[in-house]
Amino acid sequence: MSANPATTTPTATAAPAAPSAPSISLGVTEPAANEIKKFMTSEEGLPETAGLRVRVVPGGCSGFQYSLNIEEESRQGDFVLDEKGVRLFVDMFSAQYLNGVEIDYVTNVMGSGFTFTNPNATGSCGCGSSFTA
């Protein structure tokens with residue numbers, strides 16, 4: 001009796017999974033969204049591609065400051081988010097410090113303005129305009 005040579009069935013190998021695109025979560029409260037929309041509607045001639053650039057820039061007493069600017073369009077490499085009808089642009093550098101942040105707009109006896117609740121901040125300055133990560 002002769003032995004049958006072992007036969008093997010080729011197995012399919014899965015292609016390596018494509019790396020998932022990084023993501024960012026950035027929240028905007030209703031009061032902040034309403035204020036941003038007011039600013040954007042007061043700017044004449046803004047294209048539909050316009051949005052609010054949210055950035056973190058070096059500076060302030062603690063090392064980093066928030067920056068908000070209305071821009072006509074996103075830039076290459078930006079995260080583009082839609083929060084409560086507001087288009088937000090976030091660059092890759094800022095994204096690492098802004099993930100999980102909530103932007104609010106408050107009015108009190110001391111004035112009014114945008115505030116940031118940042119779970120990534122490890123400290124802030126006394127005046128509250130800058131943070132440490």
Relative to the present Cα-Cα distance, how much length would full extension add between residue 120 and residue 25 at 0.36 nm per residue of separation? 33.0 nm
Just to confirm a number: summing +1 for Lys and Arg and -1 for Asp and Glu over residues other than residue 71 whose beta-carbon lies under 14 angstrom from that of residue 71, what do you get? -2
Charge tally for neighbours of residue 99 with beta carbon under 15 Å away, counting Lys, Arg as +1 and Asp, Glu as -1, is -3
Can you compute 3J(HN,Hα) from phi for each residue in segment 67-84, using the Karplus curve 6.51 cos²θ - 1.76 cosθ + 1.60 with θ = phi - 60°, rounded to whole Hz and x for Gly and Pro? 9, 10, 9, 7, 10, 6, 7, 6, 10, 4, x, 6, 7, 10, 10, 10, 10, 6
Testing the spin-label approximation: label points 7 Å from Cα along Cα→Cβ at residue 92 and residue 48. State their distance in nm. 2.9
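Bear in mind that the values in this text are calculations on the coordinates, not laboratory data. Everything numeric here is computed off the predicted structure, so don't read it as measured data. Heads up, the Cβs are rebuilt from the backbone with ideal geometry, glycines too, and the neighbour counts pull from every protein chain shown.
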